[in-house]
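Comments concern the structure below.
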Amino acid sequence: MKTSHSIKAVSMAIITILTITTFALPVKALALTGEKFVSSMVVTPPTKKLAADESNSTPITEELEIKPAVKMGADNPSTLKLEINVEELRQIKRAQKALELERQRQEEEERQRALELQRQKEEEERKAEEARKAEEAQKIAESNSSYNANSSYTELVRKLNASLNSTLSGTGEIFARYANELGIDPYLAVAIVLHETGCKWNCSNLLRQCNNVGGMKGGPGCNGGSYKAFATLDEGIHAFMQNLYKNYYAYGLTTPEAMGPKYAASTSWASKVRSYMNELQAN
């Protein structure tokens with residue numbers, strides 16, 4: 001019984017080996033390339049005769065191809081056209097955005113230019129207005145100054161004439177005019193004349209005869225003397241004022257006290273001239 005089971009087991013093993021050997025299915029390797037994926041399978045019929053003539057058999061091949069996107073696009077133009085249209089749309093949008101930005105930039109530049117022109121116009125108008133106001137103020141100041149000067153000048157002439165009598169009556173304007181031209185104190189000049197000629201009351205013969213208002217010496221001599229003679233009273237006054245300017249004011253001698261030692265030998269000369277100055281200013 002045991003022996004029968006052993007024989008039976010051996011027999012089954014042999015049959016199994018023969019079956020596996022007979023019906024074995026050779027499988028070729030899978031190949032994958034950039035263009036397609038191929039799977040090939042060769043099936044050998046379960047007969048010894050076909051196995052013996054395997055070299056004459058025709059394999060049954062099944063291929064599955066997977067193509068790249070570029071290859072697919074070339075094979076399918078409609079797909080490629082769709083992709084190109086999308087890119088064109090993107091480019092158009094980018095161009096439109098760039099144009100819009102450029103338009104906005106130009107508008108901003110124009111706005112800034114308009115603002116700058118407006119600012120310049122306002123600045124010019126402001127300066128023109130300031131210049132106009134300054135001119136008006138200057139005219140008013142000049143008018144006031146002229147009025148004050150005229151008023152002061154008129155007042156000066158009045159004061160000088162108040163002390164000038166006899167032959168020099170009414171000559172205050174001549175003294176004032178030459179004093180302004182030379183920058184000399186008119187009160188000092190007329191005070192010297194009053195002291196030298198006595199014209200507060202009656203002028204001296206030297207003044208009446210030779211128009212010498214300051215006791216000046218030189219030629220031509222008055223009546224043949226050492227004191228100078230002048231053709232007219234105006235000429236005599238002008239020569240006197242020039243003498244004060246050139247020989248005294250030019251050296252800084254601008255007061256009776258400074259002039260005294262040079263102008264006259266008398267030590268009381270300066271005090272007497274100062275007294276006349278005070279009287280003239282008080283008129």
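The numbers here are math on the coordinates, done by the rules we state, and not lab data. Only a predicted model underlies this, so the values are computations on that prediction, with no experimental measurement involved. Neighbour counts are summed over all protein chains in view; Cβ atoms, including those assigned to glycine, are modelled from backbone coordinates with ideal geometry.
Using bins of 10 Å that start at zero, the share of Cα-Cα pairs per bin across region 158-282 amounts to 14, 48, 36, 3, in whole %. Charged side chains reduced to their Cβ positions (Lys and Arg at +1, Asp and Glu at -1) give region 155-196 a dipole of some 120 debye around its Cα centre. The listed peptides 192-203, 91-102, ordered by packing as a protection proxy, come out as 192-203, 91-102 (highest mean of other Cβ atoms within 10 Å first).
For a modelled paramagnetic label at residue 182, 7 Å from Cα along Cα-to-Cβ, the residues of region 249-283 in reach, with backbone nitrogen under 15 Å, are 249-256, 259, 263.
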